[in-house]
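The values are calculated or read from the model by the stated rules, or taken from the named source; none is laboratory data. All figures in this text were calculated on a predicted structure; none of them were measured in a lab. Here the Cβ is made from the backbone with ideal geometry for all residues, glycine too, and neighbour counts use every protein chain on show.
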Amino acid sequence: MTLTTLLRITLVFTLIVIILGAYTRLEDAGLGCPDWPGCYGQLTVPTQTGDIQQAQQLFPGLEVDQYKAWLEMIHRYVAGTLGLLVLWIGIRCWKDQDSPNKLPAAIAVLILFQAALGMWTVTMKLMPIVVMAHLLGGFTLLSLLLLLYLRTRPLRIPGGDAPARRLAPLAAIGLVILIAQIALGGWTSSNYAALACTALPLCEGDWSSNLTLIEAFSPFQGQHASFEYGVLDYPARMTIHVAHRIGAIITAAVLLYLALQLWRQARSRTLQRSAVILVLLLIVQLLLGISNIVLHLPLGIAVSHNVGAALLLLTMVFINYALWRKA
C-alpha cells in the first residue's frame, strides 16, 4: 500500500471518528461507560447477567445502559484503529527519507494527546473545556492529515496563479475565523446550549439584556459530580448560543467574500472549483444550522452539521495550502 493510499484511508477513518464522536455526544452517551479505556471494569460492554451485576457492584448507583455503552465503546474501538493507522504512517515516513518527518511526528503526538483527552472527557465527567478540546483535537488531526497528504502528492497549478495568490492573507483570516466558529460550536454543544434559543434570527425575548459573557465563557465552571446536560443557567447558555449565531454570520460573510474573490481572480480550474465547493458547503451548513433550530435539534441534522464543519475546514485548509505554497 502506498503512503498516499494509507493517508486517504486514515483521512476517512478520522472523519468517521468525528462523526461517531458527534453522534455519541448528541445521544448523551459520553458517559455510557463511566470508566476508561474499558466499560464498567470490563474489556467490552457487559451484556450477561453476571457481568451486569459485577458492573453494578463496581459502580453502585449507575444503571448499565447497553445502547449508550456500545455507542461509547464503538467510538473508542474506531479511534483506537485510527491511532494504529497514524502509527503506521509515522513508521512509513520515518523509513522513507523522501517523506516529510516533522509533520508525521506532530500528528503522532496529537493522537496521543487526543487519547488523553478522551480519557479526561470520561474521568472529568464531560467537563465542557475538555469536551471542546477533544472536538478541536479531532478537527486538528483531520487538517494535519490533509496537509501531509497534500505534501506527498504535489499540487500543480499552471503558472502558479499569481492573481489568486494575492488572496492568501484573506484566506488565512478566513481559516482563523472558521476555527473560532468551530470552537464556538463545540462550546455550544458541550454546554448543552444548542436549544437555548428557538427563534430566528438571533433569539426570542429581550435577549440582549440577559447576556452574561463572563459566566458563559469561563473555562472552569466549578466542582460538580457531573457536567452531563450542562451546569450553566439559562442566560449563560443563551449567551453562548447567540455568540455562535453571530459567529456564523461573520464566518459566512468572510468565506463567501473569499469565494467570490477567488472565483473572479483565480486562473486555475482547481482554485475556481474550490471556490464553488466552499460556497456550496457554506449554503448547506447554514441550512443545517437553521434546521437544527426550527426542528429542535434532530439527531441526523445535528450530526450532519458537525460533518459540514469538518468539510468546510478541509476546504479552507486546501485553499490556504494552494495559495501559500511555494510556486
- Query: Out of (1) buried (at least 21 other Cβ atoms within 10 Å of the Cβ); (2) out of contact with any His (no Cβ under 9 Å at 6 or more places or on another chain); (3) within 30 Å of Leu141 (Cβ to Cβ), the odd one out for Trp187 is which?
  - Reply: (2)
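Can you find a residue that is of a type in the set (S, T, N, Q), in contact (Cβ under 8 Å) with a residue 60 or more places away in the chain, more than 16 Å from Gln181 (Cα to Cα) and in the same structural domain as Val176 (by TED's automatic domain parsing) anywhere in the stretch 296-318?
Within the stretch 296-318, the subset of a type in the set (S, T, N, Q) is 304, 306, 315.
Keeping just the survivors that are in contact (Cβ under 8 Å) with a residue 60 or more places away in the chain gives 306.
Among the residues that remain, those that are also more than 16 Å from Gln181 (Cα to Cα) are: none.
For the stretch 296-318, residues of a type in the set (S, T, N, Q), in contact (Cβ under 8 Å) with a residue 60 or more places away in the chain, more than 16 Å from Gln181 (Cα to Cα) and in the same structural domain as Val176 (by TED's automatic domain parsing): absent.
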- Query: List pairs: first in the stretch 250-276 and β-branched (Val, Ile, Thr), second in a helix (DSSP H, G or I), Cβ under 6 Å, 6+ apart or cross-chain?
  - Reply: Thr251/Ile177; Thr251/Leu178; Thr251/Gln181; Val254/Gly174; Val254/Ile177
- When only residues in the stretch 163-176 that are surrounded by fewer than 18 Cβ atoms within 10 Å (Cβ to Cβ) and either in a helix (DSSP H, G or I) or aliphatic (A, V, I, L, M) (or both) count, which is farthest from the chain's Cα centre (by Cα)? Pro163
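Do you know which residues across the stretch 204-221 are in a helix (DSSP H, G or I), surrounded by 11 or more Cβ atoms within 10 Å (Cβ to Cβ) and either touching a Leu at 6+ places or on another chain (Cβ under 9 Å) or free of Cβ contacts under 8 Å to residues at least 24 places away in the same chain (or both)? If you could, list the steps in order and put the result at the bottom.
Looking only at the stretch 204-221, we keep the residues that are in a helix (DSSP H, G or I), and these are 207-210, 213-216.
From what is left, the residues that are surrounded by 11 or more Cβ atoms within 10 Å (Cβ to Cβ) are 207, 210, 213, 215-216.
If the condition is that a residue be in a helix (DSSP H, G or I), surrounded by 11 or more Cβ atoms within 10 Å (Cβ to Cβ) and either touching a Leu at 6+ places or on another chain (Cβ under 9 Å) or free of Cβ contacts under 8 Å to residues at least 24 places away in the same chain (or both), then Glu215, Ala216 are the ones that fit.
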- If a residue has to be out of contact with any Asp or Glu (no Cβ under 8 Å at 6 or more places or on another chain) and within 20 Å of Gln181 (Cβ to Cβ) to count, how many in the stretch 219-251 make the cut? 15
- Among all residue pairs at least 6 apart or on different chains, which show Cβ distances below 9 Å where the first residue, located in the stretch 147-176, is over 21 Å from Leu313 (Cα atoms) and the second is of a type in the set (A, V, I, L, M) and assigned to a helix (DSSP H, G or I)? Ile157/Ala164; Ile157/Leu271; Ile157/Ala322; Asp161/Leu271; Asp161/Ala322; Asp161/Leu323
- Note on the structure: Among helices (runs of 4 or more DSSP H) entirely inside the stretch 1-95, those with 1 or more residues being in contact (Cβ under 8 Å) with a residue 24 or more places away in the chain and closer than 29 Å to Ser143 by Cα are 3-26, 66-95
